[in-house]
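The values are calculated or read from the model by the stated rules, or taken from the named source; none is laboratory data. Note that this is a predicted model, so its numbers are computed, not measured. Reconstructed Cβ throughout: ideal geometry from the backbone, glycine too, with neighbour counts over all protein chains shown. Note: areas computed on protein heavy atoms with side chains; ligands, DNA, RNA excluded. Shrake-Rupley method; radii C 1.70, N 1.55, O 1.52, S 1.80 Å.
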Amino acid sequence: FSGAIDWYDKKTTDLIFTVPVAAGTNLSNFVTTNIGSMRNRGIEFSLGARILDGGTDGLSWTANVTAAHNSNELLTINPLFGEADQILVGSIAGGVGTTIQTLTPGEPVHSFFVWEHKRDASGNPIYSDENNDGTINEQDLYVDRNNDGVINVDDRRPFEDPAPDWIFGQSSYLSYRNFDLSFTLRAHLGNYVYNNVASNLGTYSEVGRGAPFNLHSSVLETGFEEQQLFSDYYVEDASFLRMDNLTLGYSFNLKGQSARAFASWQNVFTITGYSGVDPTANVGATTTGPLQTSALNGIDNNIYPRARTFTGGLSLRF
């Protein structure tokens with residue numbers, strides 16, 4: 001057995017983010033600048049073990065497990081932003097200049113900034129004329145958090161964190177006589193994603209356009225006729241368990257030379273309750289411009305599933 005435990009508490013100053021600025025103050029309406037300071041605290045574990053040792057002809061199994069927990073908090077905002085107590089970021093599709101995340105001191109970085117949607121007895125979001133004024137609007141759908149009789153930006157609140165509470169990893173290598181098998185598993189717990197595909201296309205208004213779009217299936221549950229981009233309904237738990245790869249090999253002698261045939265499978269399976277095509281669709285994506293700060297931080301605009309790859313080969317040793 002071997003292992004390690006690490007604990008850290010790190011404060012970072014002069015954070016660099018691409019954030020919006022007032023029109024006319026810059027050559028672009030976005031600027032990359034130092035926005036403030038944040039704190040990260042966490043703990044990491046790793047454990048490796050040779051669980052079975054069957055020798056040359058028996059079953060052997062070596063496994064490694066890692067676990068990491070991190071919490072982040074934005075501490076301060078740069079005075080460049082005046083008296084503002086938050087910076088709105090996270091551009092989304094469905095509106096001009098619409099953002100869905102916030103940088104707010106005391107909250108995790110890139111928390112979603114949404115309204116609290118009223119729910120019916122079944123837990124589904126309400127979409128009906130609740131106050132009988134003849135129209136369906138924000139007053140019918142969302143909670144008036146400050147009780148001023150108006151639903152506006154003051155009723156939006158930081159909600160959930162796109163970063164996972166826990167990250168787990170597990171890798172195993174097994175061998176039995178001439179056969180070998182290896183695989184890796186990965187899991188994220190407590191991470192949330194804003195499903196922008198659903199919020200942008202999950203309304204019946206899409207079929208009334210001059211060039212109609214396909215509807216997102218969420219409209220069958222919500223019945224939304226118009227977009228509800230700021231509804232917390234679209235902020236989904238994206239925790240998942242994924243087997244990233246699986247490899248099976250067989251070693252043998254080929255005319256006196258060592259040889260190994262193998263087959264490999266990447267993206268074997270994913271178990272998740274997230275309704276989008278992939279809970280990690282935007283992790284590692286490359287973007288430029290205003291969407292740069294959002295595409296890597298829990299906003300999902302992906303409509304294509306992750307590729308599943310099968311590979312086979314033969315290796316010879318001379």
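At-a-glance table
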read-out: Residue-span extension gain [residue 11 to residue 189] - 0.36 nm each, minus C-alpha spacing; value: 61.7 nm
read-out: Accessible-area composition of the chain, carbon plus sulfur, in percent [1.4 Å probe]; value: 55 percent
read-out: Cβ charges +1 (Lys, Arg) and -1 (Asp, Glu), total dipole of the chain, debye; value: 2180 debye
read-out: Computed E for residue 118/residue 166 - FRET, C-beta separation, R0 22 angstrom, nearest 0.05; value: 0.10
read-out: Per-residue [θ]222 nm for the chain (sum of -39500 (n - 2.57) over DSSP H runs n ≥ 4, rounded to 500); value: -1000 deg cm²/dmol
read-out: Where labels lie 7 Å past Cα in the beta-carbon direction, separation of residue 259 and residue 217 in nm; value: 4.6 nm
read-out: Distribution of pairwise C-alpha distances over the chain, 10 Å bins, in %; value: 5, 20, 26, 22, 14, 9, 4, 1, 0
read-out: Equivalent ellipsoid, the stretch 58-167 (semi-axes from 5 times Cα gyration tensor eigenvalues, Å); value: 36, 24, 12
read-out: Probe 1.4 Å, all protein chains present, accessible-area order of 136, 100, largest first; value: 136, 100
